[in-house]
Structure formats: structure tokens, C-alpha cells
Amino acid sequence: MKKQTFQVEKETELLPFLLANIDRGRNHVKGVLKRGQILVDGKSETKFNAVLLPGQQVDVLSEAPLIDALKGIEILFEDDDLIVVNKEAGLLTMASQRNDHQRTAYRELTAYVKQQNPKGRIFIVHRLDRDTSGVVVFAKNEHTKFALQKGWHDVVEERSYLAYVEGKVEKEEATLTSWLKETKTHQVYTTPHAEGAKKAVLHYKVVRTGSQFSLLKVELETGRKNQIRVQLAEINHPIVGDKRYGATGNPIGRLGLHASVLSFKHPTTKQLVRFEAPRPKQFKVK
């Protein structure tokens, strides 16, 4: 693969350095950065504000390097319209303004599809929180994205989670119904009053229970923000590692929430498709 090589003579940041050395415009330089075509001392660098020091070497690759393995995601299914993945805990589905330069599932998959087709694109259908692992669906064209998003509640047949919670859950199964509100600091909480609140309904079944922890299968009837976390905390069984909603510790080093199953009607074939992400190995009940 061809490349251009530049030597850093004074301390600066990566973007202005590239703009000074690559006479192709700001948008082109940003694209080169996003596609992983910049190496600093032989290592890939995508942060526009990475600090360069005198003596360092910057290489600009003529094309994006092939991705040997996607980081933090496993492809469960792919066709001309969809890519369905199992996302690891700790990985953003897509970037927010505050996390604009972090690695995301969206960026990993965008680089992946562009290897096969430089004009290929990825579209967000739905999201999982950064700390929740499991099944996430992406569209490969706008038609599929809009078809799924417009009729999401109608096309989804099954959407279940595994919740690894604190304590021994005595009731084998139950339906939890709550009214949820959100504070200005984005903390979701339950309220006894329906006025100005959103109704949240979930169903759970105990998969396994022990003296300290329980594993629950949770099915959502509504899809409210932080719904599972808030409602399970309300019955005194907060999700393991969820200090925001009352967990006392984090023995597994992650949030104990996993999107395990997603089943829906394929927008093109109209066939029912079902995807399952295996239970995380940390979810052990003794």
C-alpha cells in the first residue's frame, strides 16, 4: 500500500499538521482520519487533537487498511439490508456530541462495509446503552432504516433481556407496572402519579437464583429510558454494577444487563427473523 511520510518538527496537534501537509481540504483530511489512514510512529491514530511531538513520523496511507477483526462487536447476521451484531458492554452504539471521537459500533461497521463497497453506509435503527451488551440492528440503506423505525413496535415480535441482579428474587415471575419521570440531570425515577409521566411495563421470570444474585429473563412491553434498571431497583433488586440506581457493588466489572433476544419481521422478505446473543460469562449465579 502506498503512503506519504512526514516528519514532525515542532509540537502541534494532528489535524492542523495534516491540513498543512495535505493540500486536499478539511473534509478530505477528516475523512482520512475517520477511515484509519493515519499512522503516528506506525500506530493508527484517529483523534484530530492528538498531540504530535518533534521527531515523530506521520504516515498517510493511500487507502483504508483492511479490518482483520471488528472490535467490540460480533456479526450475527448480514444481508443486503441489515447487519445484526452482538455488542460488548462498554462500547457506544454511536457517538454523542460529548463522545464524538470515541470508538463506536457504528464506526466499526461503517469501516467494515466500506471495505466491500467504498460507497457503503450504515444507519442506526435502535440503540443500546454503552454499558448494556447484546443484540443491536443496523440498516444498510435508508429504506430499511425507515421501514423498521416507523413500525418498530409492530414488527418486533420478541425483545428480551437478561438482568443479573442483586439479592435472591423470591417471586418466580411477575409483571411490573410503573410511571416514570426524569429529572433535569437525566435520572429516571418512579412516581405514583400518572400526570406528566410515562407508563412502563415489563415482565420477568427467574432463570436462576442464589443467595447473593439472581438471573432474570426480562421482556419489555414498553421501551422507556432506563426502564429495566429503574423498575428492578424499585423492587429492591438493582442490576449488578448499577450504582446510579442503587447497586451496592460491582463484582463483575460491568453492568449486569444484556439484550439477549430480538425477533422481528424482515422489512424486505417479510419473514420472521430471530437473533440471540449468548449469555455473558460474568452472569454466574451460585
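The values are calculated or read from the model by the stated rules, or taken from the named source; none is laboratory data. Here the structure is a predicted model, which is why all the values come from computation and not from measurement. Ideal geometry is used to build each Cβ from the backbone, glycine not excepted, and the neighbour counts take in all protein chains shown. For accessibility, only protein heavy atoms count, side chains too; no ligands or nucleic acids. Shrake-Rupley method; radii C 1.70, N 1.55, O 1.52, S 1.80 Å.
Things to note:
- In terms of accessible area, using a 1.4 Å probe and ignoring ligands and nucleic acids, S214, S62 rank largest first as S62, S214.
- Most fluctuating residue given options P118, P238, P54, as computed from a GNM of the chain linking Cα atoms under 10 Å: P54
- Protein-only accessible surface order, largest first, of T183, T269 at 1.4 Å: T269, T183
- Among L52, L14, H28 - extreme Cα towards positive end, dipole of the stretch 6-73, charges at beta-carbon: H28
- Prolate is the label for the chain, because a/c, from the alpha-carbon gyration tensor with a ≥ b ≥ c as root eigenvalues, is 1.5 or above and a/b exceeds b/c.
- Of all accessible heavy-atom area on the stretch 14-140, the percent that carbon and sulfur account for (1.4 Å): 46 percent
- For the chain, share of DSSP beta bridges that run antiparallel, in % to the nearest 5: 95 percent
- Per residue, the chain exposes 57 Å² of accessible surface when a 1.4 Å probe is rolled over the protein heavy atoms with every protein chain present.
- Think of the chain as having a plus end and a minus end, set by charges on the Cβ of Lys, Arg, Asp and Glu; of Y112, T248, V156, T248 sits farthest toward the positive end of this dipole.
- Put D131, D154 in order of accessible area, highest first, and with a 1.4 Å probe you get D154, D131.
- The spacing between the stretch 129-153 and the stretch 5-63, judged by their C-alpha centroids, is 34 Å.
- An oblate overall shape is assigned to the stretch 177-286, the ratio a/c of its alpha-carbon gyration tensor axes (a ≥ b ≥ c) being 1.5 or greater and a/b not exceeding b/c.
- At full extension, S211 and E182 could sit 7.2 nm farther apart than now, given 0.36 nm per residue minus the alpha carbon distance.
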